[in-house]
Amino acid sequence: MRSIIFSNYSAFDTRRLGATIDVEHSHLRFLGNMTLNLWDCGGQDVFMDNYFTNQKDHIFKMVQVLIHVFDVESKSINKDIEIFVKALTNLQKYSPGAKIFVLLHKMDLVQIDKREELFNIMMEKLQKISNPYQFKLQGFPTSIWDESLYKAWSQIVCSLIPNMNLFNTNLLKFNQILDAEEIILFEKTTFLVISSTSQQENSQNTDLDPKRFEKISNIIKTYKQSISKLRSNFANLIVRGSNGNHFYIDILTDNMFVMIILKDKELDKVHHEELLILENIKAARKWFEKIENSDQQSLKN
């Protein structure tokens, strides 16, 4: 997961990675100003025992987010749940304000028509277990072989970003100016979704694919990997859809891309529209650069 999201690995490339030994520490840059200190804890029994005995005050102290991964292939689910309970117990003692995300992983190995039922049963069980600890869980079915990983990690990382409301508010203002169908902000390196206008407006348009954001992340990330092999950098992309809609992906700040989807336009207005959109993106940069700078100040404080 970490290699795909933060190191631009493809799912196929991860096959050459070895198992995590004890705790692997990563310091990952996000939005330029944030440093994510990710502790990847190996799941072998000998390491697990150590986490909850000799290392518990070290592992569970000052945690902001716990990401607990369950393997759908596991033959010892009761033992897995016991480990989860131990994690909750220690988290309540050392980091009671932490947020908890549960990933039910390798979901691609489950029959498609059984996935939702399996996920709901598991999450209901885990939430009941968590209630006495007063933790509210947020869960995701995930796989490295589809876009589900991007949805989960977008939510995880966004929960750590200071001043998220400023991103959301300014994105809505930007959309009011452009009268776009939709605008989405992506973090530049990972292409995780930071915010979108439809998320903020609670769009009820049933024609829209509910998985469109993570699919876009996956497609663009794959495209970036392809052109990097040609020693070329991705800067912007304009797509004219067969339904008349136009899609613009461009650099918004040093740390963000923006995607703008515009409504049907007449062909003779297309060129003028493209120039206007690109100018508007340039004009919006100062708004979002200020938000990034305010995030940096929040982190310093």
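Some values worked out for this structure:
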| quantity | calculated |
| --- | --- |
| The chain, accessible surface, carbon-and-sulfur percent (1.4 angstrom probe) | 50 |
| Amide H within-cut-off set for residue 181, under 5 Å, with H built and near neighbours excluded | 261, 262, 263 |
| Fully extended contour minus Cα-Cα distance, from residue 82 to residue 169, at 0.36 nm per residue | 27.1 nm |
| Positive dipole terminus of the chain, leading residue within 261, 10, 132 (C-beta point charges) | 132 |
| P(r) of the chain over all Cα-Cα pairs, binned every 20 Å from zero, in whole percent | 29, 56, 15, 0 |
| FRET efficiency estimate (nearest 0.05) - Cβ-Cβ, residue 29 to residue 92, R0 41 angstrom | 0.85 |
| Computed lengthening from residue 39 to residue 15, 0.36 nm per intervening residue step minus Cα-Cα distance | 6.6 nm |
| Residues whose placed amide H lies under 5 Å from that of residue 99, excluding near-sequence neighbours | 65, 66 |
| Percent antiparallel among DSSP beta bridges (both partners in the chain, rounded to 5) | 70 |
| Those residues of the range 177-194 whose amide nitrogen sits under 16 Å from the label point placed on residue 251, 7 Å along Cα→Cβ | 186-191 |
| The range 33-95 - accessible surface per residue (Å², probe 1.4 Å) | 58 |
| Among 75-83, 224-232, 34-42, the order from most to least packed when residues are scored by Cβ within 10 Å on average | 34-42, 75-83, 224-232 |
| Candidates 222, 197, 142, ranked by Gaussian network fluctuation over the chain, Cα under 10 Å, top entry | 222 |
| Extended-chain gain in nm, criterion 0.36 nm per residue less alpha-carbon gap, residue 286 and residue 7 | 97.6 nm |
| Nearest-20 debye value, the chain charge dipole, Cβ charges on Lys, Arg, Asp, Glu | 660 |
| Flagged links, alpha-carbon separation over 32 Å, of 56/125; 56/221; 229/263; 86/151 | 56/221; 229/263 |
| For residue 254, net neighbour charge (Lys/Arg +1, Asp/Glu -1) across residues whose Cβ lies under 9 Å away | -1 |
| Normalised convex hull volume, the range 1-144, alpha-carbon set, Å³ per residue | 129 |
| Alpha-carbon gyration tensor eigenvalues x 5, square-rooted, for the range 222-262, Å | 21, 15, 6 |
| Sites residue 52 and residue 112 - FRET efficiency at Förster radius 35 Å, r taken between beta-carbons, to 0.05 | 0.45 |
| Length-normalised contact order of the chain in % [C-alpha pairs under 8 Å, at least 6 apart] | 16 |
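The values are calculated or read from the model by the stated rules, or taken from the named source; none is laboratory data. For clarity, every value in this text was computed on a predicted model and none was experimentally measured. Every residue, glycine as well, gets a Cβ built from its backbone with ideal geometry; the counts of neighbours run over all protein chains shown. Each accessible area value is taken on the protein alone, full model and side chains, heavy atoms only, with ligands, DNA and RNA left out. Shrake-Rupley method; radii C 1.70, N 1.55, O 1.52, S 1.80 Å.
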